[in-house]
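The next block holds one structure in the form of structure tokens; read it before the comments.
Every number here is computed from the coordinates shown, using simple stated rules; none is lab data. Computed from a predicted model, the values in this text were never measured in an experiment. Using ideal geometry, Cβ is built from the backbone for each residue, glycine included, and neighbour counts are taken over all protein chains shown.
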């Protein structure tokens, strides 16, 4: 049980690190091209929030950990986080 939990934690770190870096780099390149790079950290935070929603609603059910407490986020929380994330991705264009 402990090994499965450790493997799942490593999987989470890997998913967030690799996808987070790739998607943040892509978004930062877009911000740089349109000269909106001052607040590019908002896009990186938004990507982490979207990865959190993706993990909680889909990816946690395909991992190694099969213990208790695995359930989806409520729809209202999913929509709220997604809406805030989209606003955070767009906001450097508006503010910058």
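I'd like the Kirkwood hydrodynamic radius of the chain, using the inverse of the mean 1/r over distinct C-alpha pairs, in Å.
Numbers: mean 1/r = 0.0686 Å⁻¹.
It is 14.6 Å.
Relative contact order for the chain using alpha-carbon pairs under 8 Å, separation at least 6, rounded to a whole percent?
RCO, the chain: 40 percent.
Calculated FRET efficiency, residue 4 and residue 71, Cβ-Cβ r, R0 25 Å, to nearest 0.05?
Plugging the Cβ-Cβ distance into 1/(1 + (r/R0)^6) gives 0.90.
For the chain, find the longest principal axis of its Cα atoms and tell me its angle to the long axis of helix 75-95, 0 to 90°, nearest 10.
Here the helix axis deviates by roughly 30 degrees.
Would you mind getting me the FRET efficiency between residue 30 and residue 83? Use the beta-carbon distance for r and R0 = 22 Å, nearest 0.05.
0.65
To test your reading of the geometry: what angle, between 0 and 90 degrees and rounded to tens, separates the Cα axis of helix 2-33 from the longest principal axis of the chain?
It works out to around 10 degrees.
Taking the Cα atoms of segment 46-86 alone, what are Rg (to one decimal) and Dmax (as a whole number) in Å?
Both quantities, over Cα of segment 46-86: 10.9, 32 Å.
To the nearest 10 degrees, how steeply does helix 40-57 sit against the main Cα axis of the chain, on a 0 to 90 scale?
Between helix and principal axis, roughly 30 degrees.
Can you give the three extents of the C-alpha atoms in segment 5-61 along their principal axes, from longest to shortest, in whole Å?
42, 17, 13
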